[in-house]
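Below is one structure, written out as structure tokens; the observations come after it.
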Amino acid sequence: MARVALVTGGTRGIGASIAKALKAAGHTVVVCDVVDDQIASFQQETGIAGYNIDVSDYASVEAGVQKIEGEVGPVDILVNNAGITRDGFMHKMDPVKQWGAVIGVNLNSVFNTCRVAAPGMRDRGWGRIISISSMNGQRGQFGQSNYAAAKAGMIGFTKSIAQELANKGVTANVVAPGFILTDMTAAMPQEILDAEVKKIPVGRIGQPEDIAQAVVYLASDQAGFLNGATLSVNGGQYMI
Ligand code: NAP
């Protein structure tokens, strides 16, 4: 059945791929981001409506989702994809610019969007919440204590709300990507990227579409018995 889907951080990278794949699966998709030009060009390119919402800010999420629900319809599929990295050694990490920013955009955001969208899903008796974590949230990563903490926090949060919401037809799951080719990974030093690709059993870096297809399945009616799970999509690089 076609639903309204909101993909946060959906104008580029993995989020853009998820938005396009959900649209191809027949859903009405909207994205949000924080750069107006990027939102406008994505909308022009794909026909997918975009909204300026800062997911780290509760008031922005509340106003933005209200606008989407008024203009497009109730959000039944929520994909928490927006994320940033601000890497550095923990013992040198700036409490605000690195720790605070990463926890805000990657973890507080998930509370913000779920807190705003889940009550409507419960009332309507159907919903899908899919949050994009990371392999580095499962295993930890040198130089990424902030990012790994946020991404691991997302898993604990999801396991909790998966228990709270399921009796109203709302499931919550996590997708944990490994190395995926986007602007985020292109910013990594080439030697680190090459070394990581050598550790991937399938022998290649992941593509945004690898994540998008997992999300399309989790968003479907057929995935109703999948709840509180963390789906690792990492080519076998890290298995738990
Ligand atoms: P990306 O290319 O950097 O895209 C991130 C998106 O999030 C951008 O559209 C960005 O908007 C948006 N965003 C940032 N701050 C925001 C805010 N405050 N409010 C709303 N949107 C905001 O990243 P990606 O590689 O596609 O990653 C997508 C997700 O997958 C992230 O959560 C990331 O942690 C996760 N992930 C990625 C990989 C990988 O290998 N790429 C691996 C594991 C997990 P702007 O364009 O305005 O900056």
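Computed from the coordinates by the stated procedures, all read-outs in this text should not be read as laboratory data. Owing to the predicted nature of the structure, the values given are computational and were not obtained by experimental measurement. Positions of Cβ are generated from backbone atoms using ideal geometry, with glycine treated the same way; all protein chains shown enter the neighbour counts.
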* Structure fact -> For residue 190 and residue 91, extending 7 Å from Cα along the Cα-Cβ vector and measuring point to point gives, in nm, a value of 3.2
* Asked: Cα axis of helix 109-124 to longest principal axis of the chain: angle in degrees, 0 to 90, nearest 10?
  -> 30
* To do: Determine ³J(HN,Hα), in whole Hz, for all residues of the range 150-158 in sequence, where each value follows from phi through the Karplus function 6.51 cos²θ - 1.76 cosθ + 1.60 and θ = phi - 60°; x replaces Gly and Pro.
  => 5, 6, 6, x, 4, 5, x, 4, 5
* Kindly provide the GluC sites (Glu not before Pro) of the range 16-75 that DSSP labels as loop, not H, G, I, E or B, and whose Cβ sees at most 11 other Cβ atoms within 10 Å. => none
* Asked: Working from the pairwise distances between different alpha carbons, so that the mean of 1/r is found and then inverted, what is the chain's Kirkwood radius in Å?
  -> 17.8
* Whole-Hz Karplus ³J(HN,Hα) for the range 164-178, in order, using 6.51 cos²θ - 1.76 cosθ + 1.60 and θ = phi - 60°, x for Gly and Pro? -> 6, 9, 4, 6, 10, x, 10, 9, 9, 9, 10, 10, 10, x, x
* Asked: Taking H as built 1.01 Å from N, whose amide H comes closer than 5 Å to the amide H of residue 170, not counting residues under 5 places away?
  -> 127
* Range in the chain, longest, excluding exposed trypsin sites (Lys or Arg not before Pro) [loop by DSSP; at most 13 other beta-carbon atoms within 10 Å] -> 1-198
* To do: Let me know the longest stretch in the chain that avoids all chymotrypsin sites (Phe, Trp or Tyr not before Pro) found in a DSSP loop with at most 12 other C-beta atoms within 10 Å.
  => 1-88
* **Selected from 200, 132, 225, residue furthest toward positive end of dipole (the chain; charges at beta carbon)** => 225
* On a 0 to 90 degree scale, rounded to 10, what angle separates helix 13-24 from the longest Cα axis of the chain? -> 30
* To do: Could you work out how far helix 208-218 tilts from the main Cα principal axis of the chain, as a 0 to 90 degree angle to the nearest 10?
  => 40
* Residue by residue through the range 222-231, which ³J(HN,Hα) values in whole Hz follow from phi under the Karplus form 6.51 cos²θ - 1.76 cosθ + 1.60 (θ = phi - 60°), with glycine and proline marked x? -> 5, 8, x, 9, 8, 8, x, 8, 10, 8
* **Close Lys-Lys pairs in the range 103-240, where close means Cα under 24 Å and separation is 8 or more or interchain** => 4
